[in-house]
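Engineer: Input: one structure, supplied below.
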């Protein structure tokens with residue numbers, strides 16, 4: 001059975017992917033700013049996706065006929081990788097989503113207006 005945190009992280013990945021799709025649509029308003037934003041959102045989504053894949057692997061690992069030593073080794077390696085992915089995703093997301101939702105909306109709205117005025 002998956003840890004409760006696994007489902008929360010999987011849901012987080014879905015929201016990050018939503019944000020990635022939205023930010024990709026807005027790349028034309030200021031490519032130099034929006035492209036790195038979209039790339040970072042994509043990276044976070046990929047890291048969280050790998051985290052989920054490892055959770056599925058761990059779930060299936062419990063059904064395999066392995067020695068306790070092999071099972072313990074594989075579990076430790078998998079959990080270590082999950083921790084690294086989670087930390088990387090959290091660090092990047094803290095930077096990407098710094099500030100309020102309203103501040104992001106206002107900033108992107110202003111960039112949209114500048115872009116529209118220059119067309």
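The values are calculated or read from the model by the stated rules, or taken from the named source; none is laboratory data. All of these numbers come straight from a predicted model, not from anything done at the bench. Here the Cβ is made from the backbone with ideal geometry for all residues, glycine too, and neighbour counts use every protein chain on show.
Engineer: Scan segment 31-39 and give yes if some residue there is farther than 26 Å from residue 75 by Cβ and not in a helix (DSSP H, G or I), otherwise no.
Structural biologist: Residues of segment 31-39 that are farther than 26 Å from residue 75 by Cβ, as a first pass: 31-39.
After this cut, where a residue has to be not in a helix (DSSP H, G or I) as well, the list is none.
No, the conditions are met nowhere in segment 31-39.
Engineer: Mind checking which residues of segment 46-76 are part of a helix (DSSP H, G or I) and over 17 Å from residue 5 (Cβ atoms)?
Structural biologist: Of the residues in segment 46-76, the ones part of a helix (DSSP H, G or I) are 46-61, 68-76.
Selection gives 46, 60, 61, 68, 69, 70, 71, 72, 73, 74, 76.
Engineer: Condition test on residue 35, is it modelled with pLDDT of 95 or more, within 30 Å of residue 108 (Cα to Cα), in contact with a helix residue (DSSP H, G or I) (Cβ under 8 Å, 6 or more places away or on another chain) and surrounded by fewer than 17 Cβ atoms within 10 Å (Cβ to Cβ)? Talk me through it step by step, then tell me what you get.
Structural biologist: Working: modelled with pLDDT of 95 or more: yes; within 30 Å of residue 108 (Cα to Cα): yes; in contact with a helix residue (DSSP H, G or I) (Cβ under 8 Å, 6 or more places away or on another chain): yes; surrounded by fewer than 17 Cβ atoms within 10 Å (Cβ to Cβ): yes.
Yes.
Engineer: Here is a check on your reading of the model: is residue 48 surrounded by 15 or more Cβ atoms within 10 Å (Cβ to Cβ), at pLDDT below 95 and under 23 Å from residue 13 (Cβ atoms)?
Structural biologist: no
Engineer: Criterion first (without any contact (Cβ under 8 Å) to a residue 40 or more places away in the chain, surrounded by 11 or more Cβ atoms within 10 Å (Cβ to Cβ) and farther than 19 Å from residue 10 by Cβ) does residue 105 satisfy it? Full working, then the answer.
Structural biologist: Numbers: without any contact (Cβ under 8 Å) to a residue 40 or more places away in the chain: yes; surrounded by 11 or more Cβ atoms within 10 Å (Cβ to Cβ): no; farther than 19 Å from residue 10 by Cβ: yes.
Against the criterion (without any contact (Cβ under 8 Å) to a residue 40 or more places away in the chain, surrounded by 11 or more Cβ atoms within 10 Å (Cβ to Cβ) and farther than 19 Å from residue 10 by Cβ), residue 105 does not qualify.
Engineer: Sticking with this one: Looking at (1) exposed (fewer than 13 other Cβ atoms within 10 Å of the Cβ); (2) in contact with a helix residue (DSSP H, G or I) (Cβ under 6 Å, 6 or more places away or on another chain), find the lone condition where residue 60 falls short.
Structural biologist: So residue 60 meets the others, but not (2).
Engineer: Moving to a separate point now. Going through 88, 84 one at a time, which residue ends up being surrounded by fewer than 17 Cβ atoms within 10 Å (Cβ to Cβ) and either touching a residue at least 12 places away in the same chain (Cβ under 8 Å) or closer than 19 Å to residue 105 by Cα (or both)? Break it down into steps so the answer makes sense when it comes.
Structural biologist: Values: 84 fails: either touching a residue at least 12 places away in the same chain (Cβ under 8 Å) or closer than 19 Å to residue 105 by Cα (or both).
Only one candidate qualifies: 88.
Engineer: Something else now. Does residue 98 count as at pLDDT 95 or above and either surrounded by 14 or more Cβ atoms within 10 Å (Cβ to Cβ) or under 22 Å from residue 8 (Cβ atoms) (or both)? Steps first, answer last, please.
Structural biologist: Values: at pLDDT 95 or above: no; either surrounded by 14 or more Cβ atoms within 10 Å (Cβ to Cβ) or under 22 Å from residue 8 (Cβ atoms) (or both): yes.
No: the conditions fail for residue 98.
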